[in-house]
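J.: Just passing along the structure, written as structure tokens.
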Amino acid sequence: MTGEANKCPHLSIVVPAYNEAANLPTSIAVLLEQTRPLCGKVEIVVVNDGSRDDTAQVLDQLALQYPEVVPVHFSRNFGKEAALEAGLERAAGDAVLFIDADMQHPPSLIPEMIDAWAKGADVVNARKRDRGKEHALYGMASRLFYRLFAKAAGVNFQGASDYKLLDSQVIEAVKACQEKARFFRGLVAWVGFRQTDVLFDVQPRAAGESTWSTYGLVKYSLRNLISFSSLPLTSIAIAGFIMAGLSLVLCVETLFRYLMGKSLSGFTTVIVFQTVFSAVILLAIGVLAIYVARLYEEQKGRPLYLVRNQRLQRPERRSTSECSTVRN
Ligand code: UDP
Ligand code: MG
């Protein structure tokens, strides 16, 4: 083993893959090319997240071709967070690298990341310097979300990505977080340890299309905010205090006018009062309902994902009719 290969004695790579048949052969080859010279042992856990294309076949073929490839097939599409979790649970390395299958996370950064880990960092976060080609509105929305999230959960996600290298003790720490609504980026930020950043420019997808729709992104962002912070819940109490203060002022004013014989005529005050309060009450019930739904989901205790074992293609057994055919 050379000195360079000692940088990381055992590296695990986790690759979530949904409809990535066109990308996997190149991605795996590039990953091996980048890591083999630096690591004593490499394993690549590729999680096929219930793909609808030929990912399953391509992945099994790659596992035959490269002994480093460990294929995991989900029984259906459970989402990227579940795929990352499945990979994390199977990764046995001293350090674990998480990278997308579509090469939007440039693999050329891997030596720098391994170097940072070898020098003592427990978490190496690849942060986006430039967010790649995206709509201006989308960029604004994501910045707003990250700012909100930073306030609510106390962790800075600006430019954060799932492209990370984690030490095995950080992997244990993330595994110890029991929640079902996983948010990998959030959990890694929350566990702490010695974190360092490297910057990268988002590359265009090598092939295929991103699976995110605007609706999907909004749902994902809200889910993460709810699962990570109770700020929306406590803001109900704050809204309650504000409304109570306002209604006190209004009551005093109305009573004062009444006593002075100058009470307001008409329904304006009543209507404004009624509408604003009804809206706030409904909103508060809505926020409570979202948290109750989350509790309900968590307590069900269902597995985060299910794995389907690829059945080996056994040589076909001859059926009775076939036997009789042979005999004839
Ligand atoms: N992915 C997954 N399950 C999904 C959707 C995506 O495992 O349900 C994987 C996908 O194969 C890729 C990574 O997650 O490796 C990022 O997905 P995508 O490129 O669609 O997202 P974007 O880069 O636009 O954030
Ligand atoms: Mg992508």
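Laboratory data are not the source of any read-out in this text; all were calculated from the coordinates shown. On a predicted model such as this, the values are computed, not experimentally measured, just so you know. No Cβ is skipped: glycine too gets one built from the backbone with ideal geometry, and neighbour counts run over all protein chains shown.
J.: Would you work out the relative contact order for the range 1-64, in percent, from Cα pairs under 8 angstrom that are 6 or more residues apart? Let's see the in-between values first.
T.: On the way: 88 pairs, mean separation 30.5, N = 64.
Result for the range 1-64 is 48 percent.
J.: Tally Lys and Arg at +1 and Asp and Glu at -1 over the other residues with C-beta under 11 Å from the C-beta of Asn23: what net charge comes out?
T.: Working: positive: Arg205; negative: Glu20, Asp53, Asp100, Asp102.
It works out to a net charge of -3.
J.: If only Cα atoms are counted, what is the Rg of the range 185-277, and what is its Dmax, in Å?
T.: Expressed in Å, the Cα Rg and Dmax of the range 185-277 come to 25.2, 77.
J.: Sort Met113, Met260 by Cβ crowding within 10 Å, fewest neighbours at the top.
T.: Details: Met113 24, Met260 8.
Fewest to most other Cβ atoms nearby, the residues stand as Met260, Met113.
J.: Taking the Cα centre of the chain as the origin, how large is its charge dipole in debye, to the nearest 20, when only Lys and Arg (+1) and Asp and Glu (-1) carry charge on their Cβ atoms? Can you show the working numbers first?
T.: Numbers: 36 positive and 32 negative charges, 198 e Å.
Here the chain has a charge dipole of around 960 debye.
J.: So, with +1 on the Cβ of K and R and -1 on the Cβ of D and E, and no other charges, what is the size of the charge dipole of the range 156-219 about its Cα centre, to the nearest 20 debye? Kindly include the intermediate steps, with their values, before the conclusion.
T.: On the way: 8 positive and 7 negative charges, 44 e Å.
Dipole about the Cα centre, nearest 20: 200 debye.
J.: Give the residue from Val69, Gly50, Ala136 lying farthest towards the positive end of the charge dipole for the range 1-137; charges sit on Cβ (+1 for Lys and Arg, -1 for Asp and Glu) and the dipole is referred to the Cα centre.
T.: Of Val69, Gly50, Ala136, it is Ala136.
J.: Using alpha-carbon pairs under 8 Å, 6+ residues apart, how would you state the relative contact order of the chain in percent? Could the numbers behind the result be given before it?
T.: On the way: 458 pairs, mean separation 62.2, N = 328.
Here the relative contact order equals 19 percent.
J.: Okay, next question. Hey, can you rank 277-290, 169-182, 31-44 by average C-beta count inside 10 Å, highest first? If you can, show how the numbers build up before the last one.
T.: On the way: 277-290: 12.9, 169-182: 15.1, 31-44: 19.0.
The peptides rank, most packed first, as 31-44, 169-182, 277-290.
J.: Sticking with this one: What helices in the chain pass both tests, a Cα length along the helix axis of 24 Å or more and a mean Kyte hydropathy of 1.0 or higher, using whole DSSP H runs?
T.: On the way: long enough: 136-153 (25 Å, 0.62); 231-259 (42 Å, 1.70); 268-300 (48 Å, 1.30).
For the chain, where a helix must reach 24 Å along its axis and average at least 1.0, the hits are 231-259, 268-300.
J.: Once you have the alpha carbon radius of gyration of the chain, what is it after dividing by 2.2 N^0.38 Å, with N set to its residue count? Don't jump to the answer; show the numbers that get you there.
T.: Values: Rg = 27.0 Å, N = 328, 2.2 N^0.38 = 19.9 Å.
Dividing the Cα Rg of the chain by 2.2 N^0.38 Å gives 1.36.
J.: Compare the peptides 238-250, 198-210 by average per-residue count of other Cβ atoms within 10 angstrom and give them in order, highest first. Please list the in-between numbers first.
T.: Numbers: 238-250: 11.5, 198-210: 13.9.
Result, highest mean Cβ count within 10 Å first: 198-210, 238-250.
J.: What Kirkwood radius, in Å to one decimal, follows from the Cα pairs of the range 77-135?
T.: Computed over the range 77-135, the radius equals 13.4 Å.
J.: While we're here: Taking R0 as 51 Å, what FRET efficiency do you get between Met260 and Arg143 from their Cβ-Cβ distance, rounded to the nearest 0.05?
T.: On the way: r = 52 Å, r/R0 = 1.01.
With a Förster radius of 51 Å, E is 0.50.
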